[in-house]
Amino acid sequence: IIPRACSEIFSIIDKIKNKDDQVGVGVSFIRVSSIGEMINDCLNENIEESGLNLRLREAIHPILPLEFYLEGSTRKVVNNMEELSSIALDGLDRSEYIDNNDNEYHRGNRSHKLLTITVIRKTIDGDLYNSKIHFLDTVGIDRVQSTTKNASKPFNGKTPAQRKA
């Protein structure tokens, strides 16, 4: 679902964008441990620091609905599907590394994963459009190998080891 949806995002941007519009696409990827609810920024390249200095905050606006955000998390700007896919896969690899090497609670820790894609478009008239898509992989429904042959392969049917090969 994620690769198809992300590909569609860039396809739609190409269709609706005028040559004078400014469009930016940002990606963030966080992991929430199923034990202890520890949060990690999976786009932070320093895995040891991926859980430091992150704070859940509320954005209060007089007109817009209440919104929560993770202060201190990394957001990377991407220009095409290939960049987005590469960043998402790197984040997934970091998340799985943390799951398998997190000694704070126990080895083999499972986690929720949240990939957020933000699209911001500013028209030549100054109108601003902001959209977010959240992809959530929750503990308990992902990668149960006994239920399906490919359940442990969320990105294009490949495990982290196969992606690196």
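The values are calculated or read from the model by the stated rules, or taken from the named source; none is laboratory data. Note that this is a predicted model, so its numbers are computed, not measured. Counting neighbours? That spans all protein chains shown, and the Cβs are built from the backbone with ideal geometry, glycine included. Surface accessibility is based on the protein's heavy atoms, side chains included, excluding ligands, DNA and RNA. Shrake-Rupley method; radii C 1.70, N 1.55, O 1.52, S 1.80 Å.
Here are the numbers:
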| read-out | value |
| --- | --- |
| Eligible aspartates and glutamates near K19 by straight Cα distance, threshold 20 Å, same-chain separation 8 or greater | E8, D125, D127 |
| Nearest-0.05 FRET efficiency for L56 and L128, computed from C-beta distance (R0 25 Å) | 0.50 |
| With DNA, RNA and ligands ignored, accessible area of K76 (1.4 Å probe; Å², nearest 10) | 60 |
| Charge tally in the Cβ shell below 9 Å around S50, where Lys, Arg are +1 and Asp, Glu are -1, S50 excluded | -2 |
| Inter-site label distance for E67 and N46 at 7 Å from Cα along Cβ, in nm | 2.8 |
| Coil-residue chymotrypsin sites (Phe, Trp or Tyr not before Pro) of region 2-105, DSSP, other Cβ within 10 Å capped at 13 | Y105 |
| Charge context of I30, other residues only, Cβ under 10 angstrom, K/R +1, D/E -1 | +1 |
| With all protein chains modelled, accessible area of S11 [1.4 Å, Å²] | 40 |
